[in-house]
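The values are calculated or read from the model by the stated rules, or taken from the named source; none is laboratory data. Here the structure is a predicted model, which means the values were calculated and not measured. Cβ: placed from backbone, ideal geometry, glycine included. Neighbour counts: every protein chain shown. Quick note on the areas: whole protein, heavy atoms, side chains included, nothing else; ligands and nucleic acids left out. Shrake-Rupley method; radii C 1.70, N 1.55, O 1.52, S 1.80 Å.
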Amino acid sequence: MEVIDQVEDLGRKLSSKLSALNPDAVVICIADVSPSGNRMAAPRHRLMVEGALGYVSRDHKIQQVVYRNGKEVGEALGLSKADALARGKALDSKRSAAAAAALTALPAASTDPNPS
């Protein structure tokens, strides 16, 4: 399958989900920055997908569309990246990075590990 076909397919699937869920915010979990340059095709394709998902989210009039890598997810939750992923894994073992990223869109009181 061509990359543009994959991007289009993912965009359509996200559009359908957004229509059904009508969220207030979308957090797109992006790849961490590579310590060295990478000329492989996969990172470029991922960038196209990430951009398309952001566009589709904005096209659904979602104002809070945020891109975060693993380190930024941890920082937003006041945790290390590893602890943030562990929290995400507790919610969804198959999509721990996505679950952790989603937590960053919740109000601060909802993400506090020690609620009073």
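What the table below lists for this structure:
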quantity: Any pair with Cβ under 6 angstrom, 6 or more apart, that starts in segment 86-110 at a residue that is closer than 19 Å to LEU14 by Cα and ends at one that is open to solvent by less than 30 Å² (accessible area, probe 1.4 Å) and modelled with pLDDT under 95; calculated: LEU103/THR111
quantity: Residue within segment 55-62 that is open to solvent by less than 80 Å² (accessible area, probe 1.4 Å), of a type outside the set (D, E, K, R), in contact with a Gly (Cβ under 8 Å, 6 or more places away or on another chain) and not in a helix (DSSP H, G or I) present; calculated: no
quantity: Any chance ARG39 is open to solvent by 90 Å² or more (accessible area, probe 1.4 Å), over 22 Å from ALA100 (Cβ atoms), out of contact with any Ser or Thr (no Cβ under 6 Å at 6 or more places or on another chain) and at pLDDT 85 or above; calculated: no
quantity: Boolean, ASP112 is among the acidic types (Asp, Glu), modelled with pLDDT under 95 and exposed (fewer than 15 other Cβ atoms within 10 Å of the Cβ); calculated: yes
quantity: Test set (1) in contact with a His (Cβ under 6 Å, 6 or more places away or on another chain); (2) buried (at least 16 other Cβ atoms within 10 Å of the Cβ) - VAL3 fails condition number; calculated: (2)
quantity: Verdict on LEU85 being at pLDDT 95 or above and farther than 30 Å from ASP5 by Cβ; calculated: yes
quantity: Residue in segment 33-40 that is in contact (Cβ under 8 Å) with a residue 24 or more places away in the chain and either aromatic (Phe, Trp, Tyr) or in contact with a helix residue (DSSP H, G or I) (Cβ under 8 Å, 6 or more places away or on another chain) (or both) present; calculated: no
quantity: Residues located in segment 20-32, provided they are closer than 14 Å to ALA52 by Cβ and free of Cβ contacts under 8 Å to residues at least 40 places away in the same chain; calculated: ILE30
quantity: Scope segment 68-79; condition closer than 17 Å to ARG95 by Cβ and either free of Cβ contacts under 8 Å to residues at least 40 places away in the same chain or open to solvent by 50 Å² or more (accessible area, probe 1.4 Å) (or both); matching residues; calculated: ARG68, GLY74, LEU77
quantity: Cβ-Cβ under 9 Å pairs, at least 6 apart or on other chains, segment 5-19 side more than 17 Å from VAL65 (Cα to Cα), far side modelled with pLDDT under 95 and loosely packed, with under 12 Cβ neighbours inside 10 Å; calculated: ASP9/MET1
